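Notes follow the structure.
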Amino acid sequence: MKLIYHVALILLLLISACSSSAQNVTKNVQAKAAIAGPGITGTLKATETANGLVWVAVELQGDPKVITPGLHAIHIHEKGVCEAQAEKPFSSAGGHFDPGPFGSSTPVEKNHPYHLGDLQNIKISVVGKGRMETFSNSFTLSNSPTSLFDSDGSAVIVHKLVDQKKAGGTADEAGGGRQACGIIQLLKS
Ligand SMILES: [Cu+2]
């Protein structure tokens, strides 16, 4: 009788341990963006991992005459606005995402390449396709002082040129003109 009692107790403990660990699994916060520009389409996917790092993957495809083979700058910009028709295409997305002592934005030279939204270049192949994957600990998707989902949101921008990651460089050395844009959206879990 005592044995049965012990077995039952152990089973009960196991069951409650399993169910409580299941309850403790919080879903990772995720985001996405549909990237578009004249002759270019793509996606951004992002996941905030349990240790706070944000995994970011960007895929692009387009006309290789437009999105030229080689490296192109990719940054997160400070506003969730994508206007291809603006006098300077996508200029309304503002400067590079960079809440903090410099404020965001312009001139690009000010805190580049240390803006929180400065990402790795993407390599475009001869057929006009590329994929870039990186981790960042510079911003969050969840609520924080460095969340991409601040009051005016954020956008991902693809540039015409490579980002040379040069401190004190010119706007062209930080990627130049803007070719494509995607508003970053929080995925409801
Ligand atoms: Cu940029």
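Readers should treat all values here as calculations from the given coordinates under stated rules, not as data from a laboratory. Note that the structure is predicted; figures quoted are calculated from it, not measured. Every residue, glycine among them, receives a Cβ derived from its backbone with ideal geometry; neighbour counts consider all protein chains shown.
If each residue of separation counts as 0.36 nm, what is the full-extension length gain between LYS45 and ALA167 once their alpha-carbon separation is subtracted? Can you show the working numbers first?
Working: separation 122, 0.36 × 122 = 43.92 nm, distance 2.78 nm.
Extra length available between LYS45 and ALA167 comes to 41.1 nm.
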Hydrodynamic calc, the range 31-87: Kirkwood Rh from Cα pairs, then Stokes-Einstein at 10 °C with viscosity 1.306 mPa s, so D in µm² s⁻¹ is 121 µm²/s
1/(1 + (r/R0)^6) with r = Cβ-Cβ of THR134 and LYS110, R0 = 25 Å, i.e. FRET efficiency to nearest 0.05, evaluates to 0.65
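If you wrap a convex hull around the Cα atoms of the range 65-189, how much volume per residue is inside, in Å³?
Roughly 115 Å³ of hull volume per residue.
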Lys/Arg +1, Asp/Glu -1 at C-beta; the range 28-186 dipole; positive extreme among GLY168, ILE183, ILE122: ILE122
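For a Förster distance of 30 Å, can you work out the FRET efficiency between the beta-carbons of LEU187 and SER92, rounded to the nearest 0.05?
0.80
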